[in-house]
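Structure first, commentary second.
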Amino acid sequence: MKEAGQKVFLSGCFDRVQIQKNASGKPESAVIIDFKSNDISPEDVPETAKHYRMQMLSYRRALAQLLQLPLEKIDSVLLFTKIGVLHRISNED
């Protein structure tokens, strides 16, 4: 268990990141796309996506730091490759 003030190091890899920049080339927002190869039906997507919420929040936090953007400027989606379905992860958490 993490005590207050302790740092936690996570290891991960972005599958794809799309960065929107302004005219001067400074990042304004971004979208993280994470590929999932789960063998599920389209009906199972919302429930399955719940299992990835913390992973995607960690990715959003890391990218926000890297790009020096507020967290709300980073969106995340899961691409379920076997069924061709995109699912947006809510940023409300």
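Only one residue in D15, D44, D39 is exposed (fewer than 12 other Cβ atoms within 10 Å of the Cβ) and acidic (D, E), so which one is that?
Just one listed residue meets the conditions, D39.
Restricting the stretch 47-61 to residues that are open to solvent by less than 40 Å² (accessible area, probe 1.4 Å) and over 9 Å from the mean Cα position of the chain (by Cα), which is nearest to R88 (Cα to Cα)?
A49
Sort out which residues of the stretch 37-53 are outside any loop (DSSP other than H, G, I, E, B) and touching an Asp or Glu at 6+ places or on another chain (Cβ under 9 Å), and write them in order of number.
Listed by number, the list holds a single entry, R53.
Quick one: Q68 ticks every box in (1) in contact with a helix residue (DSSP H, G or I) (Cβ under 9 Å, 6 or more places away or on another chain); (2) on the phi > 0 side of the Ramachandran plot bar one, so which box is it?
Against the list (1) in contact with a helix residue (DSSP H, G or I) (Cβ under 9 Å, 6 or more places away or on another chain); (2) on the phi > 0 side of the Ramachandran plot, Q68 comes up short only on (1).
Sort through G25, G5 and tell me the only one that's open to solvent by 50 Å² or more (accessible area, probe 1.4 Å), assigned to a loop (DSSP other than H, G, I, E, B) and farther than 19 Å from S90 by Cβ.
None of the other options fit; the residue is G5.
Consider the stretch 62-93. How many of its residues are crowded, with 16+ Cβ neighbours inside 10 Å and among the acidic types (D, E)?
Final tally of qualifying residues: 1.
With the checklist (1) in a helix (DSSP H, G or I); (2) out of contact with any strand residue (DSSP E or B) (no Cβ under 6 Å at 6 or more places or on another chain); (3) farther than 22 Å from N22 by Cα in hand, flag the one item L66 doesn't pass.
All conditions pass for L66, except number (3).
What single numbered condition from (1) free of Cβ contacts under 8 Å to residues at least 12 places away in the same chain; (2) open to solvent by less than 90 Å² (accessible area, probe 1.4 Å); (3) outside any strand (DSSP E or B) fails to hold for Q20?
Condition (3) is where Q20 drops out.
The values are calculated or read from the model by the stated rules, or taken from the named source; none is laboratory data. This is a predicted model, so every value here is computed, not measured. With ideal geometry, Cβ positions are generated from the backbone for all residues, glycine too; neighbour counts draw on all protein chains shown. Calculation scope for accessible area: heavy atoms of the full protein, side chains included, ligands and nucleic acids excluded. Shrake-Rupley method; radii C 1.70, N 1.55, O 1.52, S 1.80 Å.
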